[in-house]
Structure formats: C-alpha cells, structure tokens
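Reviewing the structure listed below.
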Amino acid sequence: MLADYYSQNLDVVMSTDELKDWTPIEFKKSELHGLRVIWAKFKNVSFTGESFFSRAIHKYAENHHNGTGEGYLETGVDQLLLSAEKNPGLGLKGLIFHTSHSGSTLVNNMLGALDKNLSISEPIVLKNWTRIYGLQARSQSPDTDALVKAMFSTYGRKRLGVEKNFVVKL
C-alpha cells in the first residue's frame, strides 16, 4: 500500500482551487471517518512514461518527498466530488481493456508518447475500491457512480497544459 508515503492528516479542508493540482491515489475505509481519499500533489507531472500508475506514484514519491509524507493529504469523499465538479478534467476518450500479454501496455505507451494524450495505466484506486467494497460496490458504497466519475475527472486534468485526449488502461 501507499500508506508509507503519506501522512495521516485527517479532515484536511482545502478549497477546490487548491485541490486542482492534487490527484486521488487511494481510497481507504475508516471506521471513525468513513470512506477517505488519499491525495498526492502532482502539479506539472505527466503520468506517461511509466507503464503503470502505481509505479509513477512511487517514483514521484521517492524523487520528490523522500518518504516524508509532504505533498500528501487525506480528505473525505465530499472534497473529491466538489473538486471534480469545480475543476473538471478532459472527458474520457477511451478505455483500454486487456488480458495478460496482449500488447495493451505497448498501446498505452504509444498513446502516451504524444504530449497531446494523457494516458494512465491501471490506476490503483480502482483496485482499492473493489478491495474495500468487493463485487457489491454499487449497493454498499456511497454513490458509486458519482465517485468513479469524479475520480476519472480528476485524473483527466491537464498536467502539462497541452493535453487534448484522455485514455485509461484498466
């Protein structure tokens, strides 16, 4: 888990303008606080060039935060919903579905090689979501559709300012 990289700042409240440079990297469920969102500050950082989203997160953490937890925060899901509404990203242009050894990483990397494409590979947040809620995610979680749309909206935010297309490899 990414817990080693972020600090335990609970109930951080930031304006939606402040959160526009932050990216949700993990969901976690707390008995005391309910569903929580872990954010990382990835201003001017492109996720392309890494085969997998989790590698990009770890690489950035090692190079910029040295395990101090700076640049990470934890909020409630309400701030994710507000941030996505006030600062939406590019609309999703495509999803890459795959099986092992199908060439999907090659396709993702080819798309990401162009600055106009924002391509994210296997965002760990989706895996965490299913780990928390299992196959009954729609019936057991708070407004699943809105949260997933908000997550993708924040992932689709322009990082370099030139992106026109947003693609996710699942």
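The values are calculated or read from the model by the stated rules, or taken from the named source; none is laboratory data. Treat the numbers as computed from the prediction; the structure is a model and nothing was measured. Note that each Cβ is placed from the backbone with ideal geometry, even for glycine, and that neighbours are counted across all protein chains shown. To get the accessible areas, we keep the full protein, side chains included, count just its heavy atoms, and leave off ligands, DNA and RNA. Shrake-Rupley method; radii C 1.70, N 1.55, O 1.52, S 1.80 Å.
A few points about this structure:
- Residues of segment 88-105 that are farther than 12 Å from VAL168 by Cβ and over 16 Å from the mean Cα position of the chain (by Cα): THR99, SER100, HIS101, SER102, GLY103, THR105.
- Residues of segment 103-142 that are part of a loop (DSSP other than H, G, I, E, B) and at pLDDT 70 or above: GLY103, ALA113, LEU114, ASP115, LYS116, GLU122, PRO123.
- Residue within segment 86-96 that is in a helix (DSSP H, G or I) and modelled with pLDDT of 90 or more present: yes
- Scanning segment 86-104 for residues that are open to solvent by 40 Å² or more (accessible area, probe 1.4 Å) and more than 13 Å from ARG157 (Cβ to Cβ) gives LYS93, LEU95, PHE97, HIS98, THR99, SER100, HIS101, SER102.
- For GLU85: the one exception among (1) more than 14 Å from the chain's Cα centre (by Cα); (2) closer than 17 Å to ALA40 by Cα: (2)
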